[in-house]
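Visitor: Got a structure for you, questions after.
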Amino acid sequence: MKYLVIGNWKMNPNTKAEAQKIIASVKKVASQLSTTSVVMCPPYVYMSLAYGKGASLVALGAQDVAPEIQGSYTGEVSATMLRESGAAYVIVGHSERRAMGENDELISRKVARALEEGIIPVLCVGEKTRDKEGLYMEELRLQIKNSLQGIEQKHAHKIIIAYEPVWAIGAKEAMTPALIQETAIFVRKTLTDIFGQEKALKIKVLYGGSVNFRNATEIVSQGSVDGLLVGRESINPLGFKDLLIAVDEIIK
Ligand code: PGA
């Protein structure tokens, strides 16, 4: 598989019936793809719906994970529980969770916990704003370095980085492919500094932030990323279907 598209449902939809509709639609289109892998990250309560029939077509992911192994942590869900529920991926450090108070240190423990359990962490990073002086580059570099603090080299290739500029999430327009390409190079350079070139080359770098069926092709092909992290469009069955087909067509 060449490209990876991950759907982050966030806290949507509000009914089981709607969730079932999205799941059925994504599984159907996934069965027709040849170069694109799909991961669906519904809220915890819908994970069992997604893990049923056709689970081999679409991988399952969660939107967060506890840094602890188990115990008295009300409201938390452990990595072991996620694995037991069929999750192969977990989103870690999404900017919406960082806005609720998560810092790089906590995020690095979540990344480590996921890896210990054999779950692929999708680490989200991205600057809040862009300044002319380019200080955002340092913000991004530190975020990557600190969120991966203590991660062993041998696990590096299993990590996925989702570069999501905060200002482009939930926005009208995505970042331009040219800027995505430039920043993806910077992300890969930072990963090389941390893990060495051989390991860093194996790490997938995705883009996220206002991706839809119209802009997906140019973002993937001109932005030089390994795939996409999609929010709103991932719970729109028709739009997501077109997005997946568009990405799959790129190297057909
Ligand atoms: P969006 O969200 O596609 O709705 O902008 C992306 C994300 O937050 O992962």
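The values are calculated or read from the model by the stated rules, or taken from the named source; none is laboratory data. All figures in this text were calculated on a predicted structure; none of them were measured in a lab. Here the Cβ is made from the backbone with ideal geometry for all residues, glycine too, and neighbour counts use every protein chain on show. In case anyone asks, the SASA skips ligands and DNA or RNA and just uses the protein heavy atoms, side chains included. Shrake-Rupley method; radii C 1.70, N 1.55, O 1.52, S 1.80 Å.
Visitor: Going residue by residue through the stretch 206-215, is there one that turns out to be crowded, with 22+ Cβ neighbours inside 10 Å, hydroxyl-bearing (Ser, Thr, Tyr) and within 21 Å of Thr35 (Cβ to Cβ)?
Guide: Yes, the stretch 206-215 has at least one match.
Visitor: Output the residues belonging to the stretch 60-73 that are open to solvent by 30 Å² or more (accessible area, probe 1.4 Å) and either among the β-branched types (Val, Ile, Thr) or without any contact (Cβ under 8 Å) to a residue 24 or more places away in the chain (or both). Break it down stepwise before answering.
Guide: Narrowing the stretch 60-73 to residues open to solvent by 30 Å² or more (accessible area, probe 1.4 Å): 63, 68-73.
Across the stretch 60-73, the qualifying residues are Ile69, Gln70, Gly71, Ser72, Tyr73.
Visitor: If a residue has to be in contact with a helix residue (DSSP H, G or I) (Cβ under 7 Å, 6 or more places away or on another chain) and either closer than 13 Å to Pro237 by Cα or open to solvent by less than 10 Å² (accessible area, probe 1.4 Å) (or both) to count, how many in the stretch 31-59 make the cut?
Guide: First pass over the stretch 31-59, keeping only residues in contact with a helix residue (DSSP H, G or I) (Cβ under 7 Å, 6 or more places away or on another chain): 33-36, 38, 40, 42, 46, 49-50, 54, 57-58.
From what's left, either closer than 13 Å to Pro237 by Cα or open to solvent by less than 10 Å² (accessible area, probe 1.4 Å) (or both): 36, 38, 40, 42, 50, 58.
Here the count works out to 6.
Visitor: Anything in the stretch 101-112 that is outside any loop (DSSP other than H, G, I, E, B) and among the acidic types (Asp, Glu)? List them, or say none.
Guide: Filtering the stretch 101-112 for residues outside any loop (DSSP other than H, G, I, E, B) gives 104-112.
Residues satisfying the conditions are Asp104, Glu105.
Visitor: Select, from Ser78, Ser85, the only residue that is of a type in the set (S, T, N, Q) and in contact with an Asp or Glu (Cβ under 9 Å, 6 or more places away or on another chain). Walk me through it before giving the result.
Guide: On the way: Ser85 fails: in contact with an Asp or Glu (Cβ under 9 Å, 6 or more places away or on another chain).
The unique qualifying residue is Ser78.
Visitor: Taking Ala162 as meeting all but one of (1) in a helix (DSSP H, G or I); (2) touching a residue at least 12 places away in the same chain (Cβ under 8 Å), write down the number of the exception.
Guide: Against the list (1) in a helix (DSSP H, G or I); (2) touching a residue at least 12 places away in the same chain (Cβ under 8 Å), Ala162 comes up short only on (1).
Visitor: So which of Gly52, Gly71, Gly75 ends up being away from the ligand (no atom under 16 Å from the Cβ), modelled with pLDDT under 95 and farther than 29 Å from Val220 by Cβ?
Guide: Working: Gly71 fails: modelled with pLDDT under 95; Gly75 fails: modelled with pLDDT under 95.
Among Gly52, Gly71, Gly75, only Gly52 is away from the ligand (no atom under 16 Å from the Cβ), modelled with pLDDT under 95 and farther than 29 Å from Val220 by Cβ.
Visitor: Next up: Does the stretch 113-142 hold any residues that are part of a helix (DSSP H, G or I) and under 16 Å from the mean Cα position of the chain (by Cα), and which are they? Please lay out each step first, then the result.
Guide: Of all residues in the stretch 113-142, those part of a helix (DSSP H, G or I) come to 113-116, 135-142.
Listed by number, the residues that qualify are Ala114, Leu115.
Visitor: Quick one: in the stretch 228-252, of everything that is open to solvent by less than 10 Å² (accessible area, probe 1.4 Å) and in a helix (DSSP H, G or I), which residue is nearest to the ligand (Cβ to nearest atom)?
Guide: Applying the first criterion (open to solvent by less than 10 Å² (accessible area, probe 1.4 Å)) to the stretch 228-252 yields 228-230, 234, 239-240, 243-244, 247-248.
If we keep only those that are in a helix (DSSP H, G or I) too, we end up with 234, 239-240, 243-244, 247-248.
Working: Ser234: 7, Gly239: 11, Phe240: 11, Leu243: 10, Leu244: 14, Val247: 14, Asp248: 19 Å.
Looking at the filtered set, the residue picked out is Ser234.
Visitor: Of all residues in the stretch 158-185 being within 13 Å of the ligand (Cβ to nearest atom) and among the acidic types (Asp, Glu), which is surrounded by the fewest Cβ atoms within 10 Å (Cβ to Cβ)?
Guide: Step by step, filter the stretch 158-185, then rank; the result is Glu173.
Visitor: With (1) without any contact (Cβ under 8 Å) to a residue 60 or more places away in the chain; (2) crowded, with 19+ Cβ neighbours inside 10 Å as the list, and Val225 as the residue in question, which single condition is left unmet?
Guide: In the conditions (1) without any contact (Cβ under 8 Å) to a residue 60 or more places away in the chain; (2) crowded, with 19+ Cβ neighbours inside 10 Å, Val225 misses (1) alone.
Visitor: Give me the residue from the stretch 97-119 that is within 16 Å of the ligand (Cβ to nearest atom) and not small (Gly, Ala, Ser) and, out of that set, surrounded by the most Cβ atoms within 10 Å (Cβ to Cβ). Give the derivation first.
Guide: Step one: list which residues in the stretch 97-119 are within 16 Å of the ligand (Cβ to nearest atom), which gives 97-100, 102, 107.
With the extra rule that they be not small (Gly, Ala, Ser), the set shrinks to 97-98, 100, 102, 107.
Details: Arg97: 17, Arg98: 20, Met100: 8, Glu102: 19, Ile107: 25.
Looking at residues that are within 16 Å of the ligand (Cβ to nearest atom) and not small (Gly, Ala, Ser), I get Ile107.
Visitor: Go through the stretch 186-205 and give me each residue that's over 18 Å from Val166 (Cβ atoms) and either open to solvent by 40 Å² or more (accessible area, probe 1.4 Å) or within 15 Å of the ligand (Cβ to nearest atom) (or both). Steps first, answer last, please.
Guide: So the first thing to find is which residues in the stretch 186-205 are over 18 Å from Val166 (Cβ atoms), and the list is 188-189, 191-204.
Result: Arg188, Lys189, Thr192, Asp193, Ile194, Gln197, Glu198, Lys199, Leu201, Lys202, Lys204.
Visitor: Okay, next question. So for the stretch 129-142 (the condition being under 28 Å from Asp248 (Cβ atoms) and either open to solvent by 70 Å² or more (accessible area, probe 1.4 Å) or of a type in the set (Gly, Ala, Ser) (or both)), does at least one residue qualify? Let's see the steps before the verdict.
Guide: Start the filter on the stretch 129-142 by keeping residues that are under 28 Å from Asp248 (Cβ atoms), which leaves none.
Scanning the stretch 129-142 turns up no residue that is under 28 Å from Asp248 (Cβ atoms) and either open to solvent by 70 Å² or more (accessible area, probe 1.4 Å) or of a type in the set (Gly, Ala, Ser) (or both).
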